[in-house]
Amino acid sequence: MASAAVTTDPTTLSPAQLTAYLARIGVDAPDKPDLATLAKLHRAHLMAFTWEAVDAFMGWQPAIGISDIFARMVEGRRGGWCYEMNGLFGAALTALGYRVTRLCGCVDRPKLGDIAVGNHLTLQVDLDQPYLAEVGVADAFVEPVPLVAGSFRQRGFDFSISAADDGWLRFHNHPAGVARTVDFRLGQQDEAKIAAMQQWLMRDAGSPFTGALAIFRHDSDGYSSLQDRTLRRVSAAGMRERLVTSSDEFADVLTQIFAIDLPNPADIWDKLSRLAQNRGA
């Protein structure tokens, strides 16, 4: 397949890339950048792409420009983590005429402190009021919400946003969520801090992503997750889990449940097996 014409602007997609992106998520080109369209795009993006941090787990160092992310996720069958999921979504929204701010956020700030600010990229979209557009938290909500304090429910899961300290807002994930909180400030951008934290999370032995595998995919009433060798299916009704026990089963799970094509899945399984042995699991 011929590659879509690339863009040199890191915050938007070229017209050809935008057309390919919309085809990939199964949405027709919208008439106008309104809230209804934003909600449709937000849900469609999450149903089309898998959240995954396999590159960090395996020590792979892919290029991270928007055209590189587009090639992996839109033209290929890869997913991405917050920097890629929200990065691609924000670039598409900008190309569609939305006013998007890339917020420098922080997962688990109450525990980690401000040193971890930048460990999450999220999106503020300004319409009649600011909205939180968030496709980069692996197991959270599926449609945008107003950026104000309050509680909300989607697909039977309960979430909330509250005021935190010093002008921060805090998103609270549902009780079974892996990322428990995400902090952000309205309008706060810091691309240098985001880039530095992205590199640390991809490379450092202390990163939660270099020492454990994490893959998530949403569907209409919940999501599936693979954390190391544990496969879970989570909905508002409850959770089921089982252990993946072989390389062949692992490869099948990647394609059939998570709809991603990963290079050398047997190598990934070998690393998972070595980690399990080291942990006595």
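Considering only residues that are in a loop (DSSP other than H, G, I, E, B) and either crowded, with 19+ Cβ neighbours inside 10 Å or in contact (Cβ under 8 Å) with a residue 12 or more places away in the chain (or both), which ones fall in region 63-80? Working first, answer last.
Kept after step one, since they are in a loop (DSSP other than H, G, I, E, B), are these residues of region 63-80: 63-65, 76-79.
Selection gives I64, G65, G76, R77, R78, G79.
Condition check ((1) within 26 Å of A36 (Cβ to Cβ); (2) at pLDDT below 95; (3) crowded, with 23+ Cβ neighbours inside 10 Å; (4) of a type outside the set (A, V, I, L, M, F, W, C)) across all residues:
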site	(1), (2), (3), (4)
A56	no, no, yes, no
Q61	no, yes, no, yes
M85	yes, no, yes, no
G90	yes, no, yes, yes
A95	yes, no, no, no
L103	yes, no, yes, no
G118	no, no, no, yes
A140	yes, no, yes, no
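Can you give me the number of residues within region 142-160 that are more than 24 Å from G187 (Cβ to Cβ) and either exposed (fewer than 13 other Cβ atoms within 10 Å of the Cβ) or hydroxyl-bearing (S, T, Y) (or both)?
Of the residues in region 142-160, the ones more than 24 Å from G187 (Cβ to Cβ) are 142, 153-158.
Filter again for either exposed (fewer than 13 other Cβ atoms within 10 Å of the Cβ) or hydroxyl-bearing (S, T, Y) (or both), leaving 153, 156.
The number of residues fulfilling the criteria is 2.
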Restricting to region 151-178, count the residues that are part of a loop (DSSP other than H, G, I, E, B) and out of contact with any Phe, Trp or Tyr (no Cβ under 9 Å at 6 or more places or on another chain).
2
Say we look at region 73-94 and pick out the residues that are under 14 Å from the mean Cα position of the chain (by Cα) and not hydrophobic (A, V, I, L, M, F, W, C); which of these is farthest from N264 (Cα to Cα)?
G90
When (1) over 26 Å from K271 (Cβ atoms); (2) touching a residue at least 12 places away in the same chain (Cβ under 8 Å); (3) touching a strand residue (DSSP E or B) at 6+ places or on another chain (Cβ under 8 Å) are applied to R229, the one that fails is (1)
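Residue by residue, here is whether (1) under 15 Å from the mean Cα position of the chain (by Cα); (2) basic (K, R) holds:
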| site | (1), (2) |
| --- | --- |
| Y98 | no, no |
| R102 | yes, yes |
| G105 | yes, no |
| D139 | yes, no |
| A149 | no, no |
| G156 | no, no |
| W168 | no, no |
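The values are calculated or read from the model by the stated rules, or taken from the named source; none is laboratory data. Since we're looking at a predicted model, the values are computed, not measured. Because the Cβ atoms are built from the backbone with ideal geometry, glycine has one as well, and the counts that use them run over all protein chains shown.
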